[in-house]
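Report on the structure given below.
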Amino acid sequence: MSNEQRVMSNEQQTISNKTHCSLLIACKNWRAWISLIIYTLLILVTLPLMPSLLKIYYKNLSFPLSSVCYIISSIAFLAIIGYLAFIRKDYRISVYVWFFVLSFVYALLIFRQKLPAEKFHFFEYGLFSYFSHNAVEKNDIITRLLKFKNSYLIAFILILIISAIDEFIQHLLPNRVGELSDIFLNITSGILGLMIIGLVLRRAER
């Protein structure tokens, strides 16, 4: 094989590798949007089913549902601590101070919700903030359409829209109640989630 053929072969291999990497990145980016869509549908589809699911739970299990929510929240808290300490190996005091303050506010607001279903709903929108921000950050299709690149603001808009749809659906259902105050709570949960992402998780990556 001549030198010219080797060069051409290497160039073709390089182009092939770049194309393969681009496809992998594109697939990974779209997976973030697919995850967001699935999670959003899960929130909305379970709205009419939730009363029936709660009846089944209370009929068959004696463990308090509120305690389940507290356990899940505690696991999420410890998982983030483990991520920061053992995976990111970030030991800056400011990161942990922000995390503990935001977690305290989050736990306080969950505790103040009277019904177990409301506690879970509040927790859902904290998790929704992660899915929405992750999708916007991984794929810039929305930022290109809206002509600005603030992933946190776009994620907040998504939280606002889905929360409004959520409460509107509840308003239409005979076994649910949709209220403006619930939209405010959902948005508050989403904002706290975005603050944890920006001040704790993304800050730890810098």
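The values are calculated or read from the model by the stated rules, or taken from the named source; none is laboratory data. If you're wondering where the values come from, they're calculated on a predicted model, not measured in any experiment. Neighbour counts run over all protein chains shown; Cβ positions are idealised from the backbone, glycine included.
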Inset, instruction - Report, by residue number, each residue of segment 88-101 that is assigned to a helix (DSSP H, G or I) and under 11 Å from residue 201 (Cβ atoms). - result: 95, 98, 99
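Quick grid of which residues meet (1) modelled with pLDDT under 90; (2) in a loop (DSSP other than H, G, I, E, B); (3) under 26 Å from residue 161 (Cα atoms); (4) not polar (S, T, N, Q):
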site	(1), (2), (3), (4)
30	yes, no, yes, yes
39	no, no, yes, yes
51	yes, no, yes, yes
62	yes, yes, no, no
68	no, no, no, yes
71	no, no, no, yes
Inset, instruction - Starting from segment 156-181, keep only residues that are at pLDDT below 90, then list their pairs with residues that are assigned to a helix (DSSP H, G or I) whose Cβ atoms are within a distance under 7 Å, requiring at least 6 positions of separation or different chains. - result: 175/51; 176/170; 177/170; 178/167; 178/168; 178/170; 178/171; 179/167
Inset, instruction - Name the single residue, out of those in segment 166-180 being in contact with a helix residue (DSSP H, G or I) (Cβ under 7 Å, 6 or more places away or on another chain) and assigned to a helix (DSSP H, G or I), that is surrounded by the fewest Cβ atoms within 10 Å (Cβ to Cβ). - result: 169
Inset, instruction - Check 93, 75 and return the single one that is under 17 Å from the mean Cα position of the chain (by Cα) and loosely packed, with under 13 Cβ neighbours inside 10 Å. - result: 75
Legend entry - Unmet criterion (only one of (1) surrounded by fewer than 18 Cβ atoms within 10 Å (Cβ to Cβ); (2) in contact (Cβ under 8 Å) with a residue 40 or more places away in the chain) for residue 101: (2)
